[in-house]
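A quick write-up on the structure given underneath.
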Amino acid sequence: MSGSYETKRALAEALKVIMRKTPFPRVKVESVCEQACVSRRNFYRYFPDKYELLNWLYYDDFCAPLHEKNIQRSIDLIPYVCAHLYQDRAFFLNAFDVKGQNSFRDFCKGRLYGYLERDYGQAFSSKEVERFYIEHILDALFDGFQIWLRQEPCTPPEEFSNKLIRTLTRFSLRFAEVARQEPR
């Protein structure tokens with residue numbers, strides 16, 4: 001592990017500690033540096049601002065481990081996402097509240113889109129229609145994740161992801177049955 005990675009990781013962990021209690025717009029670079037025991041100068045050596053640190057954190061925490069998994073179907077992402085979100089609920093609830101170009105939701109949607117496109121893209125009449133529906137499906141999933149994470153007590157991730165997959169499966173099968181029926 002290189003020193004630069006270790007410094008980035010220290011800054012990312014410091015940001016997570018702070019964001020468990022503080023909304024991202026109120027996070028100061030100085031606070032992150034102090035928490036990480038890293039100078040501001042060193043911070044700016046790796047990141048131009050706190051937004052880039054947040055993006056790096058999303059990638060390093062969420063995407064890098066995902067590359068090591070052998071995910072064959074998009075639905076197999078659900079247990080991974082649920083376990084990942086659950087392990088640091090306080091941080092991710094604040095991360096979900098970040099809006100705009102550095103939002104966790106948009107970051108994840110951008111990374112997960114390809115999985116859904118691969119599995120379901122052929123079901124749509126055009127790329128425009130595909131984009132519309134896949135983005136809305138991802139929005140619905142992330143709305144569900146936020147509602148679930150805010151629950152007290154929060155259902156364990158294995159239970160929630162199993163229930164979500166069973167529900168999606170039953171809904172899909174029933175939807176196909178209804179679609180094949182003659183109109184009344």
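The values are calculated or read from the model by the stated rules, or taken from the named source; none is laboratory data. Please read all numbers here as calculations on a predicted model, not as lab measurements. Cβ atoms come from the backbone with ideal geometry, glycine included; neighbour counts cover every protein chain shown. Just so you know, the surface numbers come from the protein's heavy atoms only, side chains and all, with ligands and any DNA or RNA stripped out. Shrake-Rupley method; radii C 1.70, N 1.55, O 1.52, S 1.80 Å.
List of remarks:
- Computed from the C-beta positions of Thr167 and Arg111, the FRET efficiency with R₀ = 25 Å rounds to 0.60.
- Within the assembled protein chains, the solvent-accessible surface assigned to Leu112 is about 10 Å², based on a 1.4 Å probe.
- Just checking the listed ones, Asn42, Asn55, Asn70: in the Gaussian network model of the chain with Cα springs under 10 Å, the one fluctuating most is Asn70.
- Label selected from (i) 151; (ii) 116; (iii) 137, the criterion being volume of the Cα convex hull per residue in Å³ as computed here: (i)
- Extension reserve of the Cys63-Lys28 stretch, reckoned as 0.36 nm per residue once the Cα distance is removed: 10.1 nm
- Rounded FRET efficiency, nearest 0.05, which uses the C-beta distance separating Arg9 from Arg89 and R0 of 25 Å: 0.75
- Build a GNM of the chain with springs between Cα atoms under 10 Å apart, and of Ala90, Ala123, Ala140 the one that fluctuates most is Ala123.
- Rough spin-label spacing in nm, given labels placed 7 Å along Cα→Cβ, for Asp119 and Arg20: 3.2 nm
- Among the listed pairs Lys21/Lys163; Lys8/Lys69; Lys69/Lys99; Lys8/Lys127; Lys8/Lys109; Lys16/Lys109, those beyond 32 Å (Cα-Cα): Lys8/Lys127
- Springs join every pair of Cα atoms under 10 Å in this Gaussian network model of the chain, and among Phe104, Phe132, Phe96 the largest mean-square fluctuation is at Phe132.
- A DSSP coil position with no more than 15 other Cβ atoms inside 10 Å describes the following trypsin sites (Lys or Arg not before Pro) in region 1-61: Arg20, Lys21, Lys28.
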